[in-house]
Amino acid sequence: MASSIGNEKSVNPVLRISQLDALELNKALEQLVWSQFTSCFHGFKPGVLAHFEPEVKAFLWLVLWRFTVYSKNATVGQAILNIQYKNNLSQTEKYQSLSKQQKLWYLIFTVGGRWLEERCYDLFSNRQLQSFCKIKGYINFGAGLLKLCGLLNFLIFLQKGTFATLTERILGIRSVFCKPQSVRQVGFEYMNRELLWHGFAEFLIYLLPLINLQKLKLTISSWCLPIAGLSNSENTLAAHCKECSLCGEWPTMPHTVGCSHVFCYYCIKSNYLFDMYFTCPKCGSEVHGLQPLKYKIEMTEL
Ligand SMILES: [Zn+2]
Ligand SMILES: [Zn+2]
C-alpha cells in the first residue's frame, strides 16, 4: 500500500544526518540483539559460542536481513527514521523498490563481508606458515584498500549527500523518504526561550561550585536555632559533650574550638579546612585552634 502511494510521487532526498543516524541505529540494534543472544548462553560452559561466533552472528544478521531489507526495502534504523532504499539504477524519479539481485548482493556484501573478515582473522591469527603469511599479507592489503575506498566514498557522500556506504554506491541503492517530510517550523519564541534556558543553565553550572554551600547551610541553621547563652557552662558542656554540634552524633575523637561546644575531630577539621572563617554553628564564636576535649565523660551519664 505504502509502496503504491510512493510510486505515484517523486522521491524525496534524505538529509545526510538522517542517513548516518540510520547506520548508527542499525549498529545499536545489532549490539542489542547480540547481547540478548549471548545472555541466553550464560548457563552453558564458557566459550561455547566462541568457536562459532562469526557463523552465529552471520545467521542472526541473515534473519534480520530477511525481515528488514528483503521484505521492507529498509533496515531497522531506516524504518525508524521513515527512510527506505530506492533502486537508483533505473534513473527515474519515481520510487522503485530494490530488485531481488540487489537485495541478495546487499546481503553478501554486508553479512558475508563481515563473516569473511572475522573468519579470516581467526583462521590466520595463529598460523605461522610461509604460505599463510603471504595470503595474510594479501588479505590485509585487500582490507586496507576496501577501507580506503570506504573513506573516499564517505568524503564523496559528505559532498553530494547520496550513498552513505560503499555497498550502496556499488549496488546503486539510495536512501529516500517513505513519505514527504512536513516542513519543520520552529517558532522564534520557542527558540528564544531555549537559548535563554541554555544560557541560564550554563551560568548555574559555572556559579554553583563557587558557593560555599556548607557555610550557607550553617548560617541558615544558626538563624533558625537560637544561639545558646554561655551561662552555666559546666552543665551545658556536660550536656554538649554527648553530641557533636555539626553531625549530631556521639563525638568521635571529641575536640573543642574555644567555646563550650564539642565536635568530632573529622567534622571540625574538614569544615575548618574548607572555610578559614568557620564559626561555631551553635554560638557563633570563631575557631581558635582545635583542642582535644579534656573532660572525662562518664559512661554512666548515658
Ligand atoms: Zn561530628
Ligand atoms: Zn560554640
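With respect to the chain, whose longest principal axis is taken over its alpha-carbon atoms, helix 265-274 is tilted by about 70°.
Spin-label pair Leu145-Ile170: with each label point 7 Å from Cα along the Cα-Cβ axis, the two points sit 1.2 nm from one another.
Taking every C-alpha pair closer than 8 Å and separated by at least 6 residues, the mean separation divided by the residue count of segment 94-204 gives a relative contact order of 22 percent. Taking 0.36 nm per residue of separation and subtracting the Cα-Cα distance, full extension of the segment from Leu89 to Met276 would add 59.7 nm. Exposure here means at most 16 other Cβ atoms within 10 Å; with trypsin sites (Lys or Arg not before Pro) in a DSSP loop as sites, the longest stretch of the chain lacking them is 10-126.
For the chain, the longest principal axis of the Cα atoms and the long axis of helix 16-39 meet at an angle of about 80 degrees. With both labels modelled 7 Å from their Cα along Cα-to-Cβ, the Thr38 to Phe188 distance reads 5.4 nm.
Using the Kirkwood radius over C-alpha pairs as Rh, can you work out the diffusion coefficient of the chain via Stokes-Einstein at 20 °C, viscosity 1.002 mPa s, in µm² per second? Rounded to a whole number, D works out at 79 µm²/s. About the centre of its Cα atoms, segment 2-177 shows a dipole size close to 320 debye [charges on the beta carbon of Lys, Arg (+1) and Asp, Glu (-1) only; nearest 20 debye]. Compared with the direct C-alpha span, the chain from Ile80 to Glu117 gains 10.5 nm at full extension, assuming 0.36 nm per residue. Ellipticity at 222 nm from helices only: DSSP H runs of n ≥ 4 in the chain, each -39500 (n - 2.57), divided by the residue count, give -16500 deg cm²/dmol.
Could you tell me whether segment 62-166 comes out rounded, prolate or oblate from its Cα gyration tensor? Rule is a ≥ b ≥ c as square roots of the eigenvalues, rounded for a/c under 1.5, then prolate if a/b exceeds b/c, otherwise oblate.
Verdict is prolate for segment 62-166.
Straightening the chain between Val56 and Phe200 buys 46.7 nm, computed as 0.36 nm per residue apart minus the Cα-Cα spacing. Against the chain, whose longest principal axis is taken from its Cα atoms, helix 113-125 shows a tilt of about 70°. Shown in residue order for segment 194-202 are the 3J(HN,Hα) couplings computed by the Karplus curve 6.51 cos²θ - 1.76 cosθ + 1.60 at θ = phi - 60°: 4, 4, 4, 4, 4, x, 5, 4, 4 Hz (x for Gly and Pro). Rounded to the nearest 20 debye, the dipole magnitude of the chain is 1640 debye, with +1 charges on Lys and Arg beta carbons, -1 on Asp and Glu beta carbons, and the Cα centre as origin. Of the GluC sites (Glu not before Pro) in segment 18-114, the ones in a loop by DSSP (not H, G, I, E or B) with at most 15 other beta carbons within 10 Å are Glu93.
Contact order for the chain, expressed relative to its length and based on alpha carbon pairs under 8 Å spaced 6+ residues apart, stands at 16 percent.
Of the cross-linked pairs Lys27/Lys94; Lys215/Lys269; Lys100/Lys160, those separated by over 22 Å at the C-alpha level are Lys27/Lys94; Lys100/Lys160.
Throughout, read-outs are computed from the coordinates displayed, never taken from laboratory work. The model shown is predicted, which means the values in this text are computed figures rather than measured ones. Every residue, glycine among them, receives a Cβ derived from its backbone with ideal geometry; neighbour counts consider all protein chains shown.
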